[in-house]
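Notes for the one structure printed next.
No lab work stands behind these numbers, since they all come straight from the coordinates. Everything quoted here is computed from the prediction, not taken from an experiment. Cβ: placed from backbone, ideal geometry, glycine included. Neighbour counts: every protein chain shown.
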Amino acid sequence: MTSRITREQRETVPGAAGVRGAEPSRTTGASGAPDAPFGHGRSASVLLALVLMMASVPVAAGESVLAIAIAAILGAAGGLSLRNPLIAGAIIGLTFTFAVFAGPAHVGPGSLASIVAIASAAGHGKILGAIMMSVWHVTTLMAISAVRGDEAAYMVSELLLWIVLQGGTLVAATWGRRLFERSVAERARRLSELSDQRRAIARELHDTGVRAMTEVVMLAENGALHPDTAPSTAAEFRRISSTSRRAADEMRELLEQLRGSHEVGSPAHARGACVEDLLEMLRGRLAAAGFSVRVASEGESSLPDREVAVIARCLEEVEANVVRHGDRAAPVAIMSESLPGSSVAEPGLRLAVLNGMAPDDRHGLSGGVGLEGVRERLAAVGGDLEARCEGSTFLTRIDIPGEIR
């Protein structure tokens, strides 16, 4: 067991507010209102600015140096509008106003930055600011055309074109924002319904499962204290009571996590333990159940808390299968090995459990819901499970690969 296993670094998925270890939700802004329906990063702003400059600077190069400077400013303002639409709109308006008194200066395709700024402002919910910017930009563009001496018919057609473009942009961006707000409200409603369902499930499980386990604890303790109970039987009763009490405590904790939508962590009895501690606890519980157990470890394991929590849950299922289907006359072997790391990976872990199968159950253990749950837990951390029969022996092997740095 010396093969090297690595896995790709897992991405952190943002979750709903209140989930332990999850990132804050970015659906709403600082004011509590939803952000724009499109998330704009710095790279998107730079890319848009470059596109606008590539469309306008070559055309302005045939006019004058001033036209090139105006085209560059408009392109940069168009990219800035994705992040700060009002500031960008003001820069565009000032540039248009300057162009009126500069000869007039050539604007050309750089005027497309105005449409981008109007759309971004409306998308961010700044409707009044978008309307004021639109009036300012169209007015200055018409002033440029008038100073340039364009014919009246051309100016009227240009004005109508800008009204259609700016008006359509306002309507489309506002409609898109309304759809976005509606989707956010629908998602919030569904999350609220899901939270109500979780709380209802938690109540029902508490009123049934926890109370039943508590009753088992009371019956087992009373049985151990009964004067007619043999010492060996009393020891069994105490073990039943201890196991049931531990199960009830873990069930209560899980129900609290279910009510609060917290991330499920490691079992209460395994919290703060390392892998070696978990194996020793497993050995002790199997020994108490009448099994002869041997534990062998190679290397030191230093897995993150999340992986340790997964191993704790998996070992509980392994223990349950050994107790239910194992042959107490055959020894149980528990082996752990630290998978070798390299310069790009942290060491992983491999666990193997070998146990004999009860003579009347050698063909009945094929893996059920419990083992499927183990596979799902391991898959969440990039691990794998192998469970198979080898004659009268059952092998359970758990692999958790190292994490790429």
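What is the spin-label model distance, in nm, from residue 253 to residue 155 if the labels are put 7 Å beyond Cα along the C-beta direction?
For residue 253 paired with residue 155, the spin-label model returns 7.9 nm.
Kindly rank 174-185, 101-112 from highest to lowest mean number of other beta carbons found within 10 Å of each residue.
101-112, 174-185
What is the packing order of peptides 153-161, 211-219, taking the mean over residues of other C-beta atoms within 10 Å and listing the highest first? All intermediate terms of the calculation are to be shown ahead of the outcome.
Values: 153-161: 12.1, 211-219: 14.7.
Highest to lowest by the protection proxy: 211-219, 153-161.
With a ≥ b ≥ c taken as the square roots of the eigenvalues of the C-alpha gyration tensor of region 64-183, please select rounded if a/c is under 1.5 and otherwise prolate if a/b is larger than b/c or oblate if it is not?
Taking the square roots of the gyration eigenvalues as a ≥ b ≥ c, region 64-183 is oblate.
Assuming R0 = 35 Å, what is the FRET efficiency of residue 207 and residue 182, from their Cβ-Cβ distance, to the nearest 0.05? Provide the component values of the computation, followed by the final result.
On the way: r = 38 Å, r/R0 = 1.08.
Efficiency at R0 = 35 Å is approximately 0.40.
Subtract the Cα-Cα distance of residue 171 and residue 66 from 0.36 nm times their separation in residues, and report this length gain in nm to one decimal.
34.4 nm
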